[in-house]
Amino acid sequence: MDQDDQRDEAETVTCGNSKCKSKIVPGDGQDGDETKKKNKKKSQKTTRRRQLMSFSELPDYMKDNEFILNYYRADWSIRDAFFSVFSFHNESLNVWTHLLGFILFVALTVANVMHHDKFFPVDAKSPGNVTRWPFFVFLGGSMFCLLSSSICHLFCCHSKELNLVLLRIDYTGISVMIITSFFPAMYYIFLCTPRWYVIYLTGITSMGIFTIITLFTPSLSSPKYRGFRALLFAVMGLFGIVPGVHALVVNWGNPQRNATLVYELAMAVFYLVGTGFYVGRVPERFKPGWFDRVGHSHQIFHVFVLLGALSHYAAALLFLDWRDHVSC
């Protein structure tokens, strides 16, 4: 058999019960190679997306703190961003500080629900029968803030659009936490003079709504306005000085006055100190790159926010205990 016959036989394929000849189409091998190359490029692109980046490699929407130099995620898929909760990058502790805080407040809420079965008693002003809803409003606001913060830090690396949405939710969470923190204090202190807690709660709620609407402006989410955002939240918190002084005057003889005052002052100090770290970007400002994954300002800010919330929780328990024993 000559070479031509051997070539034809090699190219013969079986078609049912008969044989037919099918010539190999030139370029089939090239198409296969092109497909392999495309798959390889896609695989490399996916791998590259999962790699941590430096600040200089980030898209503009991710450039928030130039003193944190490495371990960034950018343009990751939702799936990759979700599973990055188990990896170690510069947002890991931002996620976990408030995620664990959220879990803690869920546990505290469940414990209090099981212990207090009367949310809306018929006679809320009677000793031992005081309503609990302002207390649970505070717990709900704290949980919303902590959870929205964790979600924001976990998924903000996905895209510019989602980043902006999550930042707005995060700012809303902070505002909600500040607003709801006023509810137990104002309600229980001024329980016997309802007009005052209505005035103060209306005031702080209005300030919170104004802050949320203002911060929904996209440009105000940029690093340039970090100080302005902190100022808005600080003004909301400092509004508490007015009802706080009023409460001291009308409850000067209250034996629990000093204890609640200590807790509330501790809360204020925690929030203000944490905000100072956040605005000043300390300590990474003094040693860029040293605190990329552990110890940078936003992580410290998160810890102080959680401590402030726990301090206010302790004060709220004292308010409840007082009203359980003292009627109007």
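Some notes on this structure:
- Residues of the range 210-240 that are under 19 Å from Phe138 (Cβ atoms) and without any contact (Cβ under 8 Å) to a residue 12 or more places away in the chain: Leu238 alone.
- Between Ala247, Ala314, Ala259, Ala309, the distinction of being modelled with pLDDT of 95 or more and over 30 Å from Ile68 (Cα atoms) belongs to Ala314 only.
- Cβ-Cβ under 7 Å pairs, at least 6 apart or on other chains, the range 154-165 side charged (D, E, K, R), far side assigned to a helix (DSSP H, G or I): Lys160/Tyr61
- Lone qualifier among Val269, Val305, Val250 - being touching a helix residue (DSSP H, G or I) at 6+ places or on another chain (Cβ under 6 Å) and among the hydrophobic types (A, V, I, L, M, F, W, C): Val305
- Tally, over the range 250-259, of residues that are assigned to a loop (DSSP other than H, G, I, E, B) and in contact (Cβ under 8 Å) with a residue 40 or more places away in the chain: 3
- Meets criteria (surrounded by 13 or more Cβ atoms within 10 Å (Cβ to Cβ) and either modelled with pLDDT of 70 or more or at negative phi (or both)) for Pro121: yes
- Among the residues making up the range 260-292, those that are assigned to a loop (DSSP other than H, G, I, E, B), surrounded by 14 or more Cβ atoms within 10 Å (Cβ to Cβ) and on the phi < 0 side of the Ramachandran plot are Val282, Pro283, Glu284, Arg285, Pro288, Trp290, Phe291, Asp292.
- Taking the criterion of being buried (at least 19 other Cβ atoms within 10 Å of the Cβ), polar (S, T, N, Q) and within 20 Å of Ser297 (Cβ to Cβ), the residues of the range 66-101 that qualify are Asn90, Ser92, Asn94, Thr97.
- Hits in the range 292-328 (condition: closer than 17 Å to Leu93 by Cβ and of a type in the set (D, E, K, R)): Asp292, Arg293
The values are calculated or read from the model by the stated rules, or taken from the named source; none is laboratory data. Since the structure is predicted, the reported quantities are computational estimates derived from the model, not experimental observations. Glycine gets a Cβ as well: all are built from the backbone with ideal geometry, and neighbour counts include every protein chain shown.
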